[in-house]
Amino acid sequence: MRIDQIELRQVHMPLVHPFETSFGREVARQTVIVAARGAGLTGWGEAATMAGPWYEYETVETCWHVLRDFLGPLVVGRQIANASDAVRLMAPVRGHNIAKMGLEAAVWDLLGRAEGRSVSQMLGGTRPQVLVGVSLGVQDSVPALLDRIDAFRDQGYSRVKVKIRPGWDVDVLRQVRGRFPDLPLMVDANCAYQLADAQRLEAMDEFDLMMIEQPLAYDDLVEHAELQLRLRTPICLDESIPSLASARAALALGSGRIINIKPGRVGGLVAARAIHDLCQDQGVPVWCGGMLETGIGRAHNVALASLPGFSLPGDISASARYFAHDVVAPPFEIRADGTMDVPENPGIGVSVMPERLEAATQHWLVIEP
Ligand code: OSB
Ligand code: MG
């Protein structure tokens, strides 16, 4: 199919609850929505960057710039038979993985709609439902955190992830475990510790955590391997895995025992699937991370998480956990058994609601050959 037009939209969506991590506090999501048009159809993708370069180096403005000036022009007007063609066209651009994901994702949806196949099917997904968890930011107080965990547990979430940082860690976890002794629980440090803090992290072994996500620096693998030798709790890597090559290195070094796969962080669904396949070959469990996506990015995450190796609950929560009004219909919802249905309709399987998208759009532009 020929890609006739690419449209970029910078959107602004207030979060129903602020999201605070070791790197900052987000009260609204600002991302770039990408539409790819061809054969009279439109495919949707999301470059789910954060507002500033705190999680990784990209921002809304760098995604806009790189999509408008480089990635869009490389793809528009070209013939594309599958998503790997789009990956090859974008390969001259180094890095800018979240921007690449936005456009690659739009191409997956477009091809799926044209072929009458869901993105899950096209990827090789096997799960009709995915396992979902919830990621809770740093709260104003421990009672506030306990109340939130209680509420999400009641809604059926099958595991809870708590963000930690020095000063909001061991004491908080002791109280969480005191109140919820059997809760499937994990923590995410977003790089807030150093190897010199190993004793503090070792102290977390007593809480029976499923894993500690990304305790050390975003570009480190060697110290994570050293730390893993000292911890009973498995380390899960997030920021340290921007590519298939880094996943290979991490597994070779023993930098962790679990990998969080985020399609944006690794530069798209093709790369995400390759990391999944590598981990599956080596018996390493993976799960799908999130970036507080709108329903568009969420749909791609759900499709990815339907691959067989995604054996752990992902940071894939219901639309209502993030936004009062998602841009897709139907919104993503959690089932009573703590799972989420994988849409079966062509492409991402949900409809983008034009009036919702329009209301969230701050500015937009069109790229043509
Ligand atoms: O580290 O996993 C992370 C959100 C934004 C940036 C980084 C992270 C997160 C989350 C939220 O933990 C996951 C979600 O619910 O989308
Ligand atoms: Mg993380």
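State whether one or more residues within the range 121-135 are within 22 Å of A217 (Cα to Cα), buried (at least 18 other Cβ atoms within 10 Å of the Cβ) and either within 19 Å of the chain's Cα centre (by Cα) or at pLDDT 95 or above (or both). Before the answer, list the steps.
Going residue by residue through the range 121-135, those that are within 22 Å of A217 (Cα to Cα) are 135.
Subsequent filtering for residues that are buried (at least 18 other Cβ atoms within 10 Å of the Cβ) retains 135.
Filter again for either within 19 Å of the chain's Cα centre (by Cα) or at pLDDT 95 or above (or both), leaving 135.
Within the range 121-135, one or more residues are within 22 Å of A217 (Cα to Cα), buried (at least 18 other Cβ atoms within 10 Å of the Cβ) and either within 19 Å of the chain's Cα centre (by Cα) or at pLDDT 95 or above (or both).
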**Message:** If I filter the range 45-68 for residues that are surrounded by 24 or more Cβ atoms within 10 Å (Cβ to Cβ), in contact with a Gly (Cβ under 6 Å, 6 or more places away or on another chain) and not hydrophobic (A, V, I, L, M, F, W, C), do I get at least one hit?
**Reply:** yes
**Fill in**
Those residues of the range 228-261 that are farther than 19 Å from K161 by Cβ and among the aliphatic types (A, V, I, L, M) come to a total of 9
**Message:** Let me spell it out: the conditions are (1) among the charged types (D, E, K, R); (2) within 16 Å of ligand 1 (Cβ to nearest atom); (3) in contact with a helix residue (DSSP H, G or I) (Cβ under 6 Å, 6 or more places away or on another chain), and D219 meets all of them except one. Which number is the exception?
**Reply:** (3)
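Sort through A324, A299, A329, A274 and tell me the only one that's small (G, A, S) and under 14 Å from the mean Cα position of the chain (by Cα). Don't jump to the end; show me each part of the working.
Values: A324 fails: under 14 Å from the mean Cα position of the chain (by Cα); A329 fails: under 14 Å from the mean Cα position of the chain (by Cα); A274 fails: under 14 Å from the mean Cα position of the chain (by Cα).
A299 is the lone residue from the list that is small (G, A, S) and under 14 Å from the mean Cα position of the chain (by Cα).
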**Prompt:** Applying the selection to the range 40-55, what residues are more than 16 Å from ligand 2 (Cβ to nearest atom) and touching a strand residue (DSSP E or B) at 6+ places or on another chain (Cβ under 6 Å)?
**Reply:** T42, G43, W44, G45, E46, A47, A51
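With the condition being in contact (Cβ under 8 Å) with a residue 40 or more places away in the chain and not polar (S, T, N, Q), I'd like the strands (runs of 3 or more DSSP E) fully within the range 124-220 carrying at least 2 qualifying residues.
On the way: elements: 129-131, 134-136, 160-163, 185-188.
Once the strands (runs of 3 or more DSSP E) in the range 124-220 are filtered for at least 2 residues that are in contact (Cβ under 8 Å) with a residue 40 or more places away in the chain and not polar (S, T, N, Q), what remains is 129-131, 160-163, 185-188.
For every residue, the table says whether it meets (1) at pLDDT below 95; (2) out of contact with any Ser or Thr (no Cβ under 9 Å at 6 or more places or on another chain); (3) farther than 17 Å from L237 by Cα.
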{"position": "G156", "(1), (2), (3)": "yes, no, yes"}
{"position": "R159", "(1), (2), (3)": "no, yes, yes"}
{"position": "D169", "(1), (2), (3)": "no, yes, yes"}
{"position": "V172", "(1), (2), (3)": "no, yes, yes"}
{"position": "V176", "(1), (2), (3)": "no, yes, yes"}
{"position": "P184", "(1), (2), (3)": "no, no, yes"}
**Fill in**
Pairing a residue in the range 281-299 that is closer than 19 Å to D326 by Cα with any residue that is small (G, A, S), where Cβ atoms lie under 6 Å and the two sit 6 or more apart in sequence or on different chains, gives M291/A48; M291/G264; E293/A48; G295/S319; G297/A48
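The values are calculated or read from the model by the stated rules, or taken from the named source; none is laboratory data. Given the structure is predicted, the values throughout are model-derived calculations rather than measurements. Here Cβ is always computed from backbone atoms with ideal geometry, including for glycine, and neighbour counts include all displayed protein chains.
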